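The values are calculated or read from the model by the stated rules, or taken from the named source; none is laboratory data. The structure displayed is predicted, hence computed values, not measured ones. FYI the Cβ positions are ideal-geometry reconstructions off the backbone, even for glycines, and counts take in every protein chain you see. Areas reflect the complete protein model, heavy atoms only, side chains present, ligands, DNA and RNA absent. Shrake-Rupley method; radii C 1.70, N 1.55, O 1.52, S 1.80 Å.
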Amino acid sequence: MDAYTIETRHGAGVYAKQPISIVRGQGALLFDAEGNAYLDCTSGHGVANLGHAHPRVAAAIADQAQRLITLFETYPNDQRAALMLKLTSLTPGLDRVFFCNSGAEAVEASLKFSRLSTGRKRILAAKRAFHGRTYGALSATFAARYRQGFEPLVPEIEHVSYNDPEALEEAMNENVAAVILEVVQGEGGIYPATPQYLETARRLCDQYDALLIFDEIQSGFGRTGKMFAYQHYGIQPDMLTCAKSLAGGVPMGAVLLGERVRNLAPGVHGSTFGGNPLSCAAALAAIQAIQEEDLPRQAAEKGAYLMERLRRLPSPLIREVRGLGLMIGIELKRKVAPYLRALQAQRVLALNAGMNVLRLLPPLVITYEQLDWLLQALAEVLQRDLEESDA
Ligand SMILES: *Cc1c(COP(=O)(O)O)cnc(C)c1O
């Protein structure tokens, strides 16, 4: 039996399995057992910013695995301490770090910290937001398709229109503990924040003494053309959630904390695996590689190259192309699923973001040749008139 058959039979059933089994990766390419190459424009939803099998990350993991894999955070460790210094040096004003193992856990921690810090209950999130699937994170996530069947969710979390400063102003009051926002909405359809929206969010949080949380789990680590997307805007958050590409593909999450986050005493929160030396060593190597290869600048340049050419595609199916750096959405006038399947037949793997948006999150190390391969495949596929049933 092949992997597809086994996983379809024995997996929980919560994923739509694709009929290709991947055994290896290299840069922006993934390979099946027969050696066929696929161009990965998913990066595992934004995990593989450094591409696959990055030698520096692989060496750091192998090396650390032979020294020390696990160590609870009560005992300090050289790798963890070095990572704390590295991360906080990337985010001036955010001087402390809480480590965990995933994006949802980072969001979960940020919501708990905001209630503990302010003694308030209400949390404002945005319509179209995606923050993860555990109960707190899911409660901040907007779309019914993620929430349905799981109610009751965590109370006093409300959703307000994104990029709508007036709606935020109206929803704000002195019971609000935090406002949580994606700087570029990812799953919701690739919508970058407007500067005015983030400025208003910052001003209102200052005025009402609430905390501003930026969720950069998808947009972080060079993806948008800066190390973090908020650095395009010059607006400072009180908390920053990271995960996905933080440790070069090894599971890890983190919340970076500003000085207004208070009351974090021993025992109020924690994580068994959080800050383990293996993930910390991988993250250190990944961030060093991002810096040395200047991947934020590469993402900005490659993103501009791609966006300009996407905007000139003559397809009548395209409603809008939007994004920041290599976080790009192509909104179609059609359902996107058959177009993703047609791309996959051309060995190009891409994502959706909702029903109508084709989402591109390639590794930042993707070459210009590979970008041209992607553009050619898109130009060809977006000429076609595909319906859901043409699959
Ligand atoms: C992926 C994602 C999450 C959840 O991360 P997991 O590691 O899957 O729990 C949260 N927020 C944003 C913006 C994301 O893109």
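For the peptides 95-102, 314-321, 235-242, the ranking by mean Cβ contacts within 10 Å, running from highest to lowest, is 235-242, 95-102, 314-321.
Solvent-accessible area per residue in the stretch 1-157 equals 53 Å², computed with a 1.4 angstrom probe and all protein chains kept. Compute the signed sum of charges (Lys and Arg +1, Asp and Glu -1) over the other residues within less than 12 Å, Cβ to Cβ, of VAL268. Result for the neighbourhood of VAL268: +3. Surface analysis of the stretch 294-375 yields an accessible area of 40 Å² per residue, using protein heavy atoms and a 1.4 Å probe.
Atom-type composition of the exposed protein surface of the stretch 195-352 places 48 percent of the accessible area on carbon and sulfur (1.4 angstrom probe). The share of alpha-carbon pairs in the chain lying farther apart than 28 Å comes to 47%. Straight-line reach from LYS86: taking Cα to Cα under 28 Å and skipping same-chain neighbours fewer than 8 places apart, the lysines in range are LYS112, LYS226, LYS244, LYS302. Note on the stretch 52-171: the C-alpha convex hull projects to 11.0 nm² when averaged across all orientations.
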